[in-house]
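**Q** After the structure tokens below, expect a handful of questions from me.
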Amino acid sequence: MKLVFAGTPEVAVPALDALIASGRHEVAAVVTRPDAPAGRGRRLVASPVAERAEEAGIEVLKPARPRDEDFLARLREIAPDCCPVVAYGALLPRAALDIPAKGWVNLHFSLLPAWRGAAPVQHAVMSGDEVTGASTFLIEEGLDSGPVYGVLTEEVRPTDTSGDLLTRLAFAGSGLLAATMDGIEDGTLHAVPQPADGVTLAPKITVEDAQVQWSAPALRVDRVIRACTPAPGAWTLFRGERLKLVQATPAVDRSELAPGELSVGKNNVFVGTGSHAVELLWVQPQGKKPMRAADWARGVRIVPGELAGS
């Protein structure tokens, strides 16, 4: 088939690579979000998908909005058979959905109909799911509601951050997407409607959502920190300034601390929760680089009974 691939962040690159490497289909063009400011200089930088496509000599389309007529006209000229999608980052209008004869097929990082939305992996980690996965489905105008072509499952490990889990799903899912393209092309794969039961939503995790509530049980605190790593980054207040919590682990043998109460040893920093404590391993003070929590604690000279969260 002639394909136009749509994707933007680093997590979409393995799928693009898999489609290029398969040799069975022609990736005629890539659709990605426009260049965005990045770094301290805020200079415009192309998306990871755009950079990879340019390296491979593939035409790159960067519409400000996918309903722009110039973009739609170019897409009609290319006349793709199918448009595989991974984390493109913009809603596709009906005018675009109607162009490829076999539709737009999305690789979504959940077992649909669970976790429809922008942040499925973060919500799976935050909710304590033991198993998640990836699904390929035919895009329709509803939110991740189209019929499903294929799925794969992936264990959520006890120490997984969202970044860890998403990386594994990106590589496993690349094979699923390539196999889905093959099955659509040869007619052996047919999309099956999603069940009406089991629908859960996964909206974007905001910075406010990432604030740790120390009154919650340690298990919940641990899940929030792992779910928000690397983005948007879990945090708490300390002496009125934001402190990013990069890595922590439950400390089941420490239950004497009040919620938010800090306890500092020679090489350990503990914080009380609504159940037992958690041990802070790595933190990032505002305006500084990540550092070991014990080094941070020595530098700020925490006093006995001092609280995080204020």
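The values are calculated or read from the model by the stated rules, or taken from the named source; none is laboratory data. Just so we're clear, the structure is a prediction, and the values are computed from it rather than from any experiment. Glycine also receives a Cβ, built like all others from the backbone with ideal geometry; neighbour counts cover every protein chain displayed. These accessible areas exclude ligands, DNA and RNA; they are computed on the full protein's heavy atoms, side chains included. Shrake-Rupley method; radii C 1.70, N 1.55, O 1.52, S 1.80 Å.
**Q** Once you mark the GluC sites (Glu not before Pro) that are in a DSSP loop and have at most 13 other Cβ atoms within 10 Å, what is the longest gap between them in the chain?
**A** Details: sites that count: 130, 141, 208, 256.
The segment 1-129 is the longest one with no such site.
**Q** Suppose only helical runs count, i.e. DSSP H with n ≥ 4. What mean residue ellipticity at 222 nm does that imply for the chain under -39500 (n - 2.57) per run, divided by all residues and rounded to the nearest 500 deg cm²/dmol?
**A** -8000 deg cm²/dmol
**Q** Stick to the Cα atoms of segment 89-206, pair each with every other, and give me the Kirkwood hydrodynamic radius in Å at one decimal.
**A** On the way: mean 1/r = 0.0680 Å⁻¹.
Its Kirkwood hydrodynamic radius stands at 14.7 Å.
**Q** Quick one: grab the alpha carbon gyration tensor of segment 95-161, order the square roots of its eigenvalues as a ≥ b ≥ c, and give me rounded if a/c is under 1.5, else prolate or oblate depending on whether a/b is larger than b/c.
**A** prolate
**Q** What FRET efficiency, computed as 1/(1 + (r/R0)^6) with R0 = 22 Å and r the Cβ-Cβ distance, is obtained for residue 295 and residue 207, rounded to the nearest 0.05?
**A** Between residue 295 and residue 207 the formula returns 0.30.
**Q** If you average the sequence gap of Cα pairs under 8 Å that are 6 or more apart and divide by the length of segment 1-157, what percent do you get for the contact order?
**A** Computed value for segment 1-157: 20 percent relative contact order.
**Q** Taking +1 at the Cβ of each Lys and Arg and -1 at the Cβ of each Asp and Glu, which of 153, 97, 118 sits farthest along the dipole of segment 80-169 towards its positive end, judged by Cα position relative to the Cα centre?
**A** 97
**Q** Apply the a/c threshold of 1.5 to the C-alpha gyration tensor of segment 268-310 and tell me whether it is rounded, prolate or oblate.
**A** prolate
**Q** Give, rounded to the nearest 20 debye, the magnitude of the charge dipole that segment 183-310 has about its Cα centre when Lys and Arg contribute +1 at Cβ and Asp and Glu contribute -1 at Cβ.
**A** Using Cβ point charges on Lys, Arg, Asp and Glu, segment 183-310 gives about 720 debye.
**Q** Relative to the compact globular guide of 2.2 N^0.38 Å, what is the alpha carbon radius of gyration of the chain, as a ratio?
**A** In units of the globular-protein estimate, the chain measures up at 1.14.
**Q** Counting residues in segment 1-86 as N, plug N into 2.2 N^0.38 Å and put the Cα Rg over that result.
**A** Details: Rg = 13.0 Å, N = 86, 2.2 N^0.38 = 12.0 Å.
In units of the globular-protein estimate, segment 1-86 measures up at 1.08.
**Q** Still on this structure: In the chain, if the dipole is taken from +1 on Lys/Arg beta carbons and -1 on Asp/Glu beta carbons about the Cα centre, which of 166, 251, 267 is farthest to the positive end?
**A** The Cα lying farthest towards the positive end belongs to 267.
**Q** Now for a different question. Span-like helices, the chain: DSSP H, alpha-carbon axial extent 30 Å or more, mean Kyte-Doolittle 0.0 or greater, which ones?
**A** Within the chain the helices that satisfy the rule are 162-186.
**Q** To continue, here is another question. Treating the beta-carbon of each Lys and Arg as +1 and of each Asp and Glu as -1, no other charges, what is the dipole magnitude of the chain about its Cα centre, to the nearest 20 debye?
**A** 1280
**Q** With the calculation restricted to Cα positions, what are the radius of gyration and Dmax of segment 223-310 in angstrom?
**A** Reported Rg and Dmax, both Å: 11.8, 33.
**Q** Comparing 245, 166, 72, which has the greatest mean-square fluctuation in the GNM of the chain with Cα pairs linked when under 10 Å apart?
**A** Looking only at 245, 166, 72, the largest GNM fluctuation is found for 72.
**Q** Okay, next question. For residue 200, enumerate residues with amide H under 5 Å from its amide H, sequence gap 5+ or separate chain, H modeled in the peptide plane.
**A** 114, 115, 116
**Q** Along segment 97-112, what does the Karplus equation 6.51 cos²θ - 1.76 cosθ + 1.60 (θ = phi - 60°) give for ³J(HN,Hα), rounded to whole Hz, x for Gly and Pro?
**A** 4, 7, 6, x, 4, 9, x, 9, 10, 9, 8, 10, 8, 7, 8, 4
**Q** Still on this model: Leaving ligands, DNA and RNA out of it, work out the accessible area of residue 226 with a 1.4 Å probe and give it in Å² to the nearest 10.
**A** Ignoring ligands and nucleic acids, residue 226 comes out at about 30 Å².
**Q** 5 Å is the cut-off here: which amide hydrogens, built 1.01 Å from N in the peptide plane, fall below it relative to residue 149, excluding neighbours closer than 5 in sequence?
**A** Residues meeting the criterion, in which the H sits 1.01 Å from N, are 136, 137, 138, 192.
**Q** ³J(HN,Hα) across segment 116-130 via Karplus (A = 6.51, B = -1.76, C = 1.60, θ = phi - 60°), whole Hz, x for Gly/Pro?
**A** 6, x, 7, 10, x, 5, 4, 5, 4, 5, 5, 8, x, 4, 8
**Q** Further, regarding this structure: Of 198, 310, 41, which is farthest towards the positive pole of the chain's charge dipole, taken about the Cα centre with +1 and -1 on the beta-carbons of Lys, Arg and Asp, Glu respectively?
**A** Looking along the dipole axis, the top candidate is 310.
**Q** Still on this structure: Report, by chain and number, residues whose modeled amide H sits under 5 Å from the one on residue 260, excluding near sequence neighbours (fewer than 5 apart, same chain).
**A** 272, 273
**Q** For segment 72-125, what are the per-bin percents of Cα-Cα distances with bins 5 Å wide, up to the bin holding the maximum?
**A** Reading the bins upward from 0: 4, 17, 24, 22, 13, 10, 7, 2, 0.
**Q** With a 1.4 Å probe and every protein chain left in place, work out the accessible area per residue of the chain in Å², rounded to a whole number.
**A** Accessible surface, normalised per residue, equals 48 Å².
**Q** I would also like to ask the following. Tell me, what HN-Hα J-couplings in whole Hz come from the Karplus equation 6.51 cos²θ - 1.76 cosθ + 1.60 at θ = phi - 60° for each residue of segment 137-150, using x for Gly and Pro?
**A** These are the phi-based 3J(HN,Hα) values: 8, 7, 6, 10, 6, x, 7, 6, 9, x, x, 9, 8, x Hz.
**Q** Let me know the charge dipole size of segment 1-149 about its Cα centre in debye, to the nearest 20, where only the beta-carbon of Lys, Arg (+1) and Asp, Glu (-1) is charged.
**A** It comes to approximately 300 debye.
**Q** Calculate, in whole percent, how much of the Cα-Cα pair population of segment 173-262 lies beyond 16 Å.
**A** Values: 2730 of 4005 pairs.
Everything past 16 Å amounts to 68 percent.
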